């Protein structure tokens, strides 16, 4: 017979994500179903629900992290999971909208192993679909049952959207700036960008679910800040995977970020360390780095301490998120589920 503790083991992150995803799925499908059929098809394709032409598919959907955070945010402030569903739908729509536009801005032809929406349908249609998802997200929150709560939730979402655009703008501008010198991107500047670009929507997901469940302003603010710290840690983990990740796991080519000349935290930390001249000269080389050059660049980043510095920063942000959650007087079981999900997200490489 199994020990009794095994019968009551806390759920793992995939189980928590699956529970939230199944709860949100009908409302998300209903929201998408209200769009123009062609736009709805593009939205369904972006969400991994169908192929080009509308044929259904059930194996390419994302993990649903942000929608899970909204549901857990509602439960954590002692509300019901159902109260968090409109927020979950809204943040999932905004996340998808941001990916549609990001792929166009970055020129990324693939998303989750198949053509990005702009490659599958065209640039103009992809922009239109993104705009539709953005409008639908706001509309979803305004239709939430409690007018006072939905108003606070909409303000939470629009604040996150403002920061998301701010972060994306900074990220695009970073590409134009030199690797070294007075105009170079600093580590702190990068982390502010990451908080806006990645952390704002994660914080919003937690806070908007809490808002819809009637949380007080200070509790929602603490959840928002925790999500923002998580977002920075998540972005740093993504940076580490972009240089040293296993392509089989990440779906991206090894050293892809170095090859593209992206200003990621491990590289910026390495350039801020003494003795970085060889790395700076290599990165400033004209043209795209070949295989030999990117391997050397990765080695130089590690030798200069860029990898270890990035790990330290990620752990610092995770600790800050955990401290905020501990001080927010959350319901024990949902808080435990929340910590499980947050830990699984940011500990991919750290």
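The values are calculated or read from the model by the stated rules, or taken from the named source; none is laboratory data. Since the structure is predicted, the reported quantities are computational estimates derived from the model, not experimental observations. Heads up, the Cβs are rebuilt from the backbone with ideal geometry, glycines too, and the neighbour counts pull from every protein chain shown.
Out of all the residues in region 108-117, is one or more in contact (Cβ under 8 Å) with a residue 12 or more places away in the chain, in a loop (DSSP other than H, G, I, E, B) and surrounded by 20 or more Cβ atoms within 10 Å (Cβ to Cβ)? Taking every residue of region 108-117 in turn, at least one turns out to be in contact (Cβ under 8 Å) with a residue 12 or more places away in the chain, in a loop (DSSP other than H, G, I, E, B) and surrounded by 20 or more Cβ atoms within 10 Å (Cβ to Cβ).
The rows are residues; the columns are (1) surrounded by 14 or more Cβ atoms within 10 Å (Cβ to Cβ); (2) within 22 Å of residue 200 (Cα to Cα).
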residue: 256; (1), (2): yes, no
residue: 264; (1), (2): yes, yes
residue: 292; (1), (2): no, no
residue: 303; (1), (2): yes, no
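Just one of the listed residues (207, 233) is crowded, with 24+ Cβ neighbours inside 10 Å, part of a helix (DSSP H, G or I) and at pLDDT 95 or above, namely 207. Scanning region 141-173 for residues that are over 21 Å from residue 77 (Cα atoms) and surrounded by 17 or more Cβ atoms within 10 Å (Cβ to Cβ) turns up 161, 163, 164, 167, 168, 170, 171. Among the residues of region 193-216, just one is within 18 Å of residue 151 (Cα to Cα) and free of Cβ contacts under 8 Å to residues at least 40 places away in the same chain, namely 216. Of the candidates 136, 172, 99, the single residue that is touching a residue at least 40 places away in the same chain (Cβ under 8 Å) and in contact with a strand residue (DSSP E or B) (Cβ under 7 Å, 6 or more places away or on another chain) is 99. Evaluated against (1) closer than 22 Å to residue 162 by Cα; (2) touching a helix residue (DSSP H, G or I) at 6+ places or on another chain (Cβ under 6 Å), residue 189 falls short on exactly one condition, (2). Restricted to helices (runs of 4 or more DSSP H) entirely inside region 243-342, those with at least 1 residues that are farther than 21 Å from residue 198 by Cβ, out of contact with any strand residue (DSSP E or B) (no Cβ under 6 Å at 6 or more places or on another chain) and touching a residue at least 60 places away in the same chain (Cβ under 8 Å) are 265-271, 277-283. Within region 27-59, the set of residues being exposed (fewer than 11 other Cβ atoms within 10 Å of the Cβ) and part of a helix (DSSP H, G or I) comprises 37 only.
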